[in-house]
1. So for the chain, averaging the separation of alpha carbon pairs under 8 Å that are six or more residues apart and normalising by length, what relative contact order in percent results?
2. Pop out the ³J(HN,Hα) list for the stretch 37-54 in order, Karplus 6.51 cos²θ - 1.76 cosθ + 1.60 with θ = phi - 60°, rounded to Hz; leave Gly and Pro as x.
3. Using DSSP to define loop residues, name the GluC sites (Glu not before Pro) in the stretch 244-305 whose beta-carbon has at most 16 other beta-carbon atoms within 10 Å.
4. Using the heavy atoms of the protein chains alone and a 1.4 angstrom probe, what is the accessible area of the chain per residue in square angstrom?
5. Which option, [x] 1.13; [y] 0.97; [z] 0.94, is the value of Rg/Rh (Cα atoms, Kirkwood Rh) that was calculated from these coordinates?
6. Give me the compactness ratio for the stretch 178-326, meaning the Cα radius of gyration over 2.2 N^0.38 Å.
7. For the pair Leu121 and Val214, how long in nm is the line joining their label points, each one 7 Å along Cα→Cβ?
8. Rounded, prolate or oblate for the stretch 77-170? Axes are the square roots of the Cα gyration tensor eigenvalues, ordered a ≥ b ≥ c, and the cut-off for rounded is a/c under 1.5.
Amino acid sequence: MGPGPGRIVLLTTSHRVAPGLLSWPAWQALHGADRVLCADGAHPQVPYLREAGITVDEESPTAEDLVDACAGGRLLVVVATGEGEPRLTDGLARLAGSGRVQMPDLELLPASYDLPGARLLDLVQVMDRIRAECPWSSQQTHKGLAKYGIEEAYELVEAIEEGDRDELREELGDVLLQVVFHSRIAEDDEEAPFSIDDVAGGIVAKLIHRHPHVFGDETATTPEEVKAHWLRTKAEEKRRTSVTEGVPLGQPGLALAAKLSSRVRTAGLEVPLPAGEGVGYELLAMAARAEAEGVDPEAALRAAARAYRDAIRVAEGFVGTDQDRHGDQRGDQRGDQDEEE
C-alpha cells in the first residue's frame, strides 16, 4: 500500500501570549513537518521558530497547492496569520466537498491559548492608540472625564437593580473604560506618571494583604470574620486618626449619612445624632436607622422612586415598556461623550 495523501496542520496562535510559548503538540508538529509555511513574513512567531531550527517559507499557497504538496504522505504546517487564513480554509472546504480530490488529513491545532483576562490587553492597546490618534481623547484630562465616571457608575447601579444581564455587561465595560482611560492619561503626567500596570499591581497587593485567610495563615469561616480581617488590615494600612477619614463628602447625601453611621457603629463609638429641625435632620436619622438595620437607604429610595415614576406614567396614560423608556434615558445621558468622541 502506497503512502497516503498526507496531512495539513493549520497552526493558530494568540497574539496575547508571548511569541515562542507554544504547546508541546505544536512543537512536535513543527519539528516533524516536511514544510512549514507562513504567508506573513512579519508574523511574530517566525523569528522564534527559525531560532529553534525550523525553516519557515514565506508563502501564501492556494488550497490546491497545499493538497498537491502533501502528495506522498507529506506533512505541511501552515502558521496562520491573525485573520486565521479564511481564504485557505474555505478553499480546502470546497475541495473536500467536491468529492473529486483525495484530501489529506486536515487538523486545526491551537498552539497557544488566551488566559482569563487576556482581552484586557486588547483594551489597553486600543486605548493607547485612541489616546495617540483621536483628536478628542488625546486632549482629555482626569478632571474633564470625572463626570463620565460618575454617570457610568450610576448606570451600572441601574443595570444591577433592573436585573438586565446584557445591560450589566455593557455598563461594566463602560466603567472599565474609565479606569483604563484615566490610567492612560496618567502615563502622560510629567511629574508623577503611572500606568494601568501600576493600578492593577496596587489593587492586587491590597487584595492579597486584606485576605490573609486566603493568601496567608489566618482562617475565616464566616462573612463576619472576613469583614473583621478586612477592617483590621485596612486600619493598619491607613493609620487614620478619625473614622471620618476617607469618607467622600461629595457622594449623595443618603449614602454619606449611611457611611458615617456605619463608621461610627463599626468603631463602637457612641455618637448621638445632632439635634436640629428640618427635613435634613429627619433624613439623617432615617439613613442612620436604615444602615443599622442593614438597609441601603440610597437603594431603598431609588426603588421607591421607580415605583413613583411608574405610578406617574400610569396616571399620564403612557403605554410603553420599561426597556424603551430606560433606553431613551441612557441614550440622553451618554450622548455628550459619544458625540465628543
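The values are calculated or read from the model by the stated rules, or taken from the named source; none is laboratory data. Predicted model only: the values in this text are computed from it and were never measured. Every residue, glycine as well, gets a Cβ built from its backbone with ideal geometry; the counts of neighbours run over all protein chains shown. Accessible surface areas use protein heavy atoms only, side chains included; no ligands, DNA or RNA. Shrake-Rupley method; radii C 1.70, N 1.55, O 1.52, S 1.80 Å.
1. Details: 309 pairs, mean separation 47.7, N = 341.
Relative contact order, the chain: 14 percent.
2. 10, 8, 6, 10, x, 9, 4, x, 7, 4, x, 6, 5, 5, 5, 7, x, 9
3. Details: sites: Glu245, Glu270, Glu277, Glu282, Glu291, Glu293, Glu298; in loops: Glu245, Glu270, Glu277, Glu293.
When the GluC sites (Glu not before Pro) of the stretch 244-305 are filtered for loop state and at most 16 Cβ neighbours within 10 Å, Glu245, Glu270, Glu277, Glu293 remain.
4. Working: 21640 Å² over 341 residues.
With all protein chains present, the chain gives 63 Å² per residue.
5. [x]
6. On the way: Rg = 21.2 Å, N = 149, 2.2 N^0.38 = 14.7 Å.
Cα-based Rg divided by the globular estimate yields 1.44.
7. Label-label distance for Leu121 and Val214, simple model: 2.4 nm.
8. On the way: a/c = 3.51, a/b = 2.21, b/c = 1.58.
Cα axes put the stretch 77-170 in the prolate bin.
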